[in-house]
1. Over the C-alpha atoms of segment 172-320, what are the Rg and the largest Cα-to-Cα span, Dmax, in Å?
2. Take the alpha carbon gyration tensor of the chain, find the square roots of its eigenvalues, order them as a ≥ b ≥ c, and report rounded if a/c is under 1.5; if not, report prolate when a/b exceeds b/c, else oblate.
3. Need the list of aspartates and glutamates near Lys166 for cross-linking: C-alpha distance under 19 angstrom, and skip anything on the same chain fewer than eight residues off.
4. Hey, fewest Cβ within 10 Å first, where do Asp299, Asp218, Asp68 land in order?
5. How much length is gained if the chain between Phe219 and Leu81 is pulled fully straight, taking 0.36 nm per residue apart and subtracting their Cα-Cα distance, in nm to one decimal?
6. Could you please rank Arg171, Arg20, placing first whichever residue has the fewest other Cβ atoms within 10 Å of its Cβ?
7. Taking the beta-carbon count within 10 Å as an exposure proxy, list His257, His294 from fewest neighbours to most.
8. So which residue, out of Ala155, Ala222, Ala32, gets the largest mean-square fluctuation from a GNM of the chain using Cα contacts under 10 Å as springs?
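All of the numbers you see were taken from the coordinates with simple rules; none came from a lab. From a predicted model like this one, the values you see are computed outputs, not experimental measurements. Every residue, glycine as well, gets a Cβ built from its backbone with ideal geometry; the counts of neighbours run over all protein chains shown.
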Amino acid sequence: MPAATAISVHAQKLPSPALRRFAWAVLWYFVAVICWGALVRATGSGAGCGDHWPLCNGTVVQHSARVDTVIEFTHRITSGLSFFSALGLLVWTFAGTARGHLARAASVTAVIFTLVEAVLGAFIVKLGLTAQSQSPLRAPYLALHLTNTLLLLAALTLVAHLLGRKRGYTRATVRFTAPIGATITVLIVLVVGVTGSLAALGDTLFPASSLGAALAQDFSAASGWLVRWRWTHPVIAFFSSFFLIWLLVRASKKTAHWDNRGLSALVLVLLAAQYLLGVLDVVLLAPTWLQVAHLLGADLLWAALVVLTARVTLEPAVEKANFSA
């Protein structure tokens, strides 16, 4: 075959549009499951199935179930389906991509984090760290659970993003740029998410009757550490914005492969929305619907940030095409 008509081996097996759509659908499904999990915590429904897992109150079918049981059991069903959707994404990704495609590694990682998510959920139930439990183990388990959740979302986001790439999607065709700065930014945003989950737990366990009472709780020596440490979330969130600005500035200069202006604008809008929701959360004393909305905004911001970071740090390199004589 003449050199002019030679075709790259990798270009012969680009993911199908159906696979790309499925990857994004799986991501949004996981976001919905996570938001429902926030509803479980905010309504104190975590003990709706007792200390049984994976069964609910020792059975599969619930007769004359209470509201908290319906909420918790629904979360368990949707969580179970999320594992099969992640597994299906892994199988389809391996079948529909070339060897060495980075989406394969990301899909394997997503399945692993999904399994860890299930194990952590089981421990939380079996140890009774639900509803109004004030066990000293609850906060560490919640922090670990939220960390795993965000890493899981990051893996699913990378699968969807990488499947949509036409260049720079294999180990041999990417080069890493600014990995240290991007890693620090992502880790700080991760810490913001964890401190936010702990602040939300404090709001759930120690609700205040008014804004003044809530502020008094924050500075009272008699309050538990979850309440007295609520200030760490807005403070860390504020300082994280400086790192996000660095990433946005760097992304705006990286225009050789993608136009990052639209995605950067989306990150800014989502960031502003999160600050607004955070203020409302404090002023309105963290109603359930606002807690769920705040978490939804955080998940969307996290997904957008992951894609932007991938664009900045995983740049397409010159692909070495294989030719046939």
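1. Over segment 172-320's Cα set, Rg and Dmax evaluate to 18.2, 65 Å.
2. Since a/c reaches 1.5 but b/c is at least a/b, the shape of the chain is classed as oblate.
3. Of all the aspartates and glutamates, those that pass the test against Lys166 - Cα under 19 Å, at least 8 places apart if same chain - are Asp259, Glu315, Glu319.
4. Ascending number of Cβ neighbours within 10 Å: Asp218, Asp68, Asp299.
5. 45.4 nm
6. Sorted ascending by nearby Cβ count, the order is Arg171, Arg20.
7. His257, His294
8. For the chain, modelled as a Gaussian network with Cα springs under 10 Å, the answer is Ala222.
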